[in-house]
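*Asks:* Next up is a structure, given as structure tokens.
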2 protein chains.
Amino acid sequence: MTTQKTTARKAMPDFDRPLVTVDVVIFTVVDEQLKVLLVRRPESATEPFPGRWALPGGFIDVTRDTSLFDCAMRKLGEKTGFTTPYLEQLGSWGSATRDPRGWCATHVYFALVPPLEDGEAAGSAASEWVEVDAALRKRLAFDHADILAAAVERLRGKVEYTSLPAFLLPEPFTLPQLQRTYEIVLGRPLDKSAFRKRMLDAQFLVEEGSISGVAGRAAMGYRIGDRDRAAVFPRTFRSFEVQSLQE
Amino acid sequence: MTTQKTTARKAMPDFDRPLVTVDVVIFTVVDEQLKVLLVRRPESATEPFPGRWALPGGFIDVTRDTSLFDCAMRKLGEKTGFTTPYLEQLGSWGSATRDPRGWCATHVYFALVPPLEDGEAAGSAASEWVEVDAALRKRLAFDHADILAAAVERLRGKVEYTSLPAFLLPEPFTLPQLQRTYEIVLGRPLDKSAFRKRMLDAQFLVEEGSISGVAGRAAMGYRIGDRDRAAVFPRTFRSFEVQSLQE
DNA sequence: TAAATAGTGTCTCTAAGACAATATCAT
DNA sequence: ATGATATTGTCTTAGAGACACTATTTA
């Protein structure tokens, strides 16, 4: 069924077609931890990796998905309900051996979302937010451990010079909250003064009125100016120290 | 063997499978210009976009290619003969409409190679090195104009803070040659002193003996220390000027 | 008023850019 | 020696980090 249904005149390639899937690595920060959404593979013995944890994803439906991005957005919406997350392509993984059902290529996206409100479908029995280092230690289905590692590396790398962590917070948020989010993702403390200068100089935040916390002075609330792209800073954090560490 | 190879028992998805291709954007610098390799689509009317220029690539051969990367490397080798180029994944493009033959996803890689020696198959009649801005103005097949634009953007972007241009030169090369290559890719002059400090501080070059040019003082020749990865600089070129330009 | 948190100022340091000065090669 | 090119040094400046200081809110 898969290959030539060449009724038509265009030359259809008579190669066997690989399986094609889309997977989404969905990050959030909740309880002071960076977490990733994992789903449980069906228990059925007819499925590969029954019962294992995996990244959310699945086959492209050529009748519903008009593009890879649409497909990723659809899967993200099904799992989290978010409609305007940060969603970028991470890369693709394809080989003869990564799926026992045959030659398979997956297109992987990575998404940043604010923590879900308690009401929302955070964990249907089949899905769960898992702290990333714990997730990396699990024996995930397929090559999803490699994919997750690549996603975490990309996230931590880009956080050094972009405004990505802002997409992990519900709006409006304060600069101290944003700094805390950076620190959670990077796993190290940042200097308050340098952090604020950097964020405000980058001009990607819009003021949204003061917010009172549980104690202490009220803080300015901010919203992301342009949710379609992250701001890029001219340098990484601690750039010169990184330099010396390499030696 | 764990995964029962049962012809029948694994649930095979009954989705129609998209077409799957791999394309490679191959850059080089020759005649003081950044060029990209284009190939001509076959003239046959049974093929999509007959006679149009396109990026080199084609369908995955699930019987020969063990992975996407292998497939890209194979296509690169067929076109240029290089075996140790710089090759990284650019991304994937997939939609219902990008190929008239049906839902198609392509995995795109981008490669940097030194200019070919005259003897080598630089231009079989069906392929040609084209200056990138001229290539961007051509009406390429499929969505290859979008893909090429993304590749050029990625290249120019990464050149600001990585050692990528070193992979465009035959080894050994000199620092003035490397600087010229950066300037060609970026399209603007760089300061000599700052450039040398940056390259040498990054520790990715190994000395390879002095090289005499046609005139003037001989220059130190260098080779790339680790061809498997590019060096990353802690800042972009002209970082603060870029900053002020944004305002 | 005290505790807690938000926000600012000052000083030092790294590395980039501008550009001048020096070194070495072919003829 | 001279012209050409390679290589180094000096000065200035932007922005990062360390850290002390001030400001504002709640209890």
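*Asks:* Place the label 7 angstrom along Cα→C-beta at B:K192 and in each other copy, then list the distances from the first to the rest in nm, shortest first.
*Replies:* 4.9
*Asks:* Would you list, by chain and number, the aspartates and glutamates whose Cα falls below 13 Å from the Cα of B:K75, excluding same-chain residues fewer than 8 positions away?
*Replies:* B:D23, B:D61, B:D65
*Asks:* With label points built 7 Å along Cα→Cβ from the Cα atoms of B:V232 and A:E88, find their separation and express it in nm.
*Replies:* Placing both labels 7 Å beyond Cα along the Cβ direction yields 1.2 nm.
*Asks:* For B:K138, give me every one of the aspartates and glutamates with a C-alpha distance below 16 angstrom, ignoring sequence neighbours fewer than eight places off in its own chain.
*Replies:* Output for B:K138: B:E128, B:D146.
*Asks:* Right, something else. If I take the Cα coordinates of segment A:179-237 and project them onto the principal axes, what are the three extents in Å, biggest first?
*Replies:* If we take the Cα atoms of segment A:179-237, the spans are 33, 27, 18 Å.
*Asks:* Taking the Cα centre of segment B:19-157 as origin, sum charge times position over the Cβ atoms of Lys and Arg (+1) and Asp and Glu (-1), and report the length of that vector in debye to the nearest 20.
*Replies:* Computed charge dipole of segment B:19-157: roughly 420 debye.
*Asks:* For A:93-105, what's the mean count of beta carbons from other chains sitting within 10 Å of each residue's beta carbon?
*Replies:* 6
*Asks:* Could you state the orientation-averaged shadow area of the convex hull built on the Cα atoms of segment A:19-158, in nm² to one decimal?
*Replies:* 8.5
*Asks:* Another question about this same structure. Would you kindly work out the equivalent ellipsoid of segment B:84-227 from its C-alpha gyration tensor and give its semi-axes, the square roots of five times the eigenvalues, largest first in whole Å?
*Replies:* 34, 17, 14
*Asks:* Let me ask another. Find the eigenvalues of the gyration tensor of the Cα atoms of the protein assembly as shown, then list the square roots of 5 times those eigenvalues as equivalent ellipsoid semi-axes, largest first, in whole angstrom. Walk me through the numbers before you get to the answer.
*Replies:* Numbers: eigenvalues 274, 252, 81 Å².
Working through the eigenvalues yields semi-axes of 37, 36, 20 Å.
*Asks:* So how much slack lies between B:E43 and B:E128, counting 0.36 nm per residue of separation and subtracting their Cα-Cα distance, in nm?
*Replies:* Stretched fully, the B:E43-B:E128 segment lengthens by 29.0 nm.
*Asks:* I've got another one for you. Compute the label-point distances linking B:A134 to its equivalents in the other copies; points lie 7 Å from Cα along Cα→Cβ; give nm, one decimal, shortest first.
*Replies:* Going from nearest to farthest copy, the values are 6.0 nm.
*Asks:* What pairs in A:K197/B:K158; A:K192/B:K158; A:K192/B:K197; A:K35/A:K158; A:K35/A:K79; A:K158/A:K197 have C-alpha atoms more than 21 Å from each other?
*Replies:* Values: A:K197/B:K158 25 Å; A:K192/B:K158 29 Å; A:K192/B:K197 31 Å; A:K35/A:K158 17 Å; A:K35/A:K79 15 Å; A:K158/A:K197 19 Å.
In this structure, A:K197/B:K158; A:K192/B:K158; A:K192/B:K197 lie more than 21 Å apart at Cα.
*Asks:* Exposed loop trypsin sites (Lys or Arg not before Pro) only (DSSP loop, at most 11 other Cβ atoms within 10 Å): please give the longest stretch of chain A free of them, not including the sites.
*Replies:* After excluding every exposed loop site, the longest remaining stretch is A:140-216.
*Asks:* Now for a separate question. Kindly give the distances from B:P100 to its copy-mates, label point to label point, with each label point 7 Å from Cα along Cα→Cβ, as nm values to one decimal ordered shortest first.
*Replies:* Label-point distances to the other copies, shortest first: 4.3 nm.
*Asks:* Roughly how many Å is it from the Cα centre of segment A:160-194 to that of segment A:18-91, as a whole number?
*Replies:* With segment A:160-194 and segment A:18-91 each reduced to a Cα centre, they are spaced 25 Å.
*Asks:* Would you kindly calculate the mean projected area, averaged across all directions, of the convex hull enclosing the Cα atoms of chain A, in square nanometres?
*Replies:* 17.7
*Asks:* Determine the relative contact order of chain A: mean sequence separation of Cα pairs under 8 Å and six or more apart, normalised by residue count, in whole percent. Don't jump to the answer; show the numbers that get you there.
*Replies:* Working: 381 pairs, mean separation 46.3, N = 247.
Result for chain A is 19 percent.
Computed from the coordinates by the stated procedures, all read-outs in this text should not be read as laboratory data. In this text the structure is predicted, and so the values were computed from the model without any measurement. Every residue, glycine as well, gets a Cβ built from its backbone with ideal geometry; the counts of neighbours run over all protein chains shown.
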